[in-house]
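Shown next, in structure tokens, is the structure this report addresses.
The values are calculated or read from the model by the stated rules, or taken from the named source; none is laboratory data. Everything numeric here is computed off the predicted structure, so don't read it as measured data. Neighbour counts run over all protein chains shown; Cβ positions are idealised from the backbone, glycine included.
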Amino acid sequence: MTGLPLYNMDQQWPSEPSDTGHRGLWFDRFFNQYNNQWLVKDEAKKIFLSTLSKTSCGDKGTLNRVCDQQMALTSSLAGQYSVYKSDWHWVSGMGLDHPVENGFSWHSTLGTPYIPGSGVKGLVRAYMEQQGCEGTDLQRFFGSDHKLPEQQQHDQQAGEFMFFDAIPTDVIGLSVDVMTPHMGKWYEQSDDASAVPADWHSPVPVCFLTAKQANLLFSISPRPGVKTQPEDLDRLFEALTNALDLLGVGGKTAVGYGYMQEDAAANTKLQQRQEEKIKQQEIDKLSPGQRELLNAEMMFDVPDQLKPGSSLGGLINDFLNTATDWPSEDAAAAAVLAKRYYDLVGWGKKDKKKQRKERIAILSEPKS
């Protein structure tokens, strides 16, 4: 049989994904290294994986928007979120089927590596179990637990907390790493006496895809409609921090993959961006006149604006001519700013001073 096992056998597929393409879609659906017998040689696996590691994956603007949305959702649910930075490489989804032998977890819409919420939940639970957390607390936090005695089990009970997917806060680089299992025959043919684990077996290099150092946003919130104790959420986040530091997340943690630390600088940057977005939303709610007033107020903090002929002076002059059509409250605010400005820079010649004061008086009068 000839050809490639793709949707259209006559289609000439590109040899590698585009710079702006969805890396996960390419990895999962467009493997192009089969030979005529639909077999995959080891070198072909490395060639395919190398096409994914040439450029970063993910769109920065999209990632910023999705992270902002997740933070806003988490905050609205009275939850907590934090950014963690990987110490080195990390990999998730290695057990998924793929022609290169080791799979990879891709976010379906972002096209980046990520950690599913179920994985975050399992990690936190594993750490808390190691620390001797009682079964009733585990059931309360995480839901139905069949490890409890039968009389204490509550099937189909949801946990009090929701664990969101851990998503990148910025574009992520990919890398091709190699592992060299020495006893492959033992794992493949354990029932064969000649395949016993021993030093004489030749190592077989196996390439697999990993994510380079990256920042991930982790979020946990109480389930809507469920009354929780404030200290419970702090307890879960402390467990998450310790689990990422001591246990690691994803595959191959035994050899150093998947360990993460809380990133204070990234958290500060993300929080500032969130505050700026909220501030901009408040500005967007203002009327055109109120925006001009806000702009003028900020100009008072710039020394060069407190000189004759400045942009602020032109804006104040516009207020005197146009603010009479504004609502009474806005017009009065314009009058206050105008008086403040002329008190600082001077009212001008006698005629100008009289005219300006008359206009300010008109703006200050309540409208019927």
Return yes when D170 is modelled with pLDDT of 85 or more, within 20 Å of the chain's Cα centre (by Cα) and acidic (D, E) and no when it is not.
yes
Matching residues in the range 198-256 - criterion: being of a type in the set (A, V, I, L, M), over 27 Å from G173 (Cβ atoms) and in a helix (DSSP H, G or I)
L233, L236, A239
Selection count where residues are modelled with pLDDT of 75 or more and farther than 30 Å from L110 by Cβ, scope the range 145-167:
1
Name the residue that is surrounded by the fewest Cβ atoms within 10 Å (Cβ to Cβ), counting only residues in the range 17-50 that are of a type in the set (G, A, S) and either in a loop (DSSP other than H, G, I, E, B) or at pLDDT below 85 (or both).
S18
The range 63-111, residues that are within 11 Å of the chain's Cα centre (by Cα) and in contact (Cβ under 8 Å) with a residue 40 or more places away in the chain:
L63, N64, V66, C67, D68, Q70, M71, Y81, S82, V83, Y84, L110
Of all helices (runs of 4 or more DSSP H) fully inside the range 56-142, the set with 3 or more residues that are of a type in the set (S, T, N, Q), buried (at least 16 other Cβ atoms within 10 Å of the Cβ) and out of contact with any Pro (no Cβ under 8 Å at 6 or more places or on another chain) is none
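Can you list the helices (runs of 4 or more DSSP H) lying wholly within the range 257-368 that have 2 or more residues being in contact (Cβ under 8 Å) with a residue 60 or more places away in the chain and surrounded by fewer than 13 Cβ atoms within 10 Å (Cβ to Cβ)?
none
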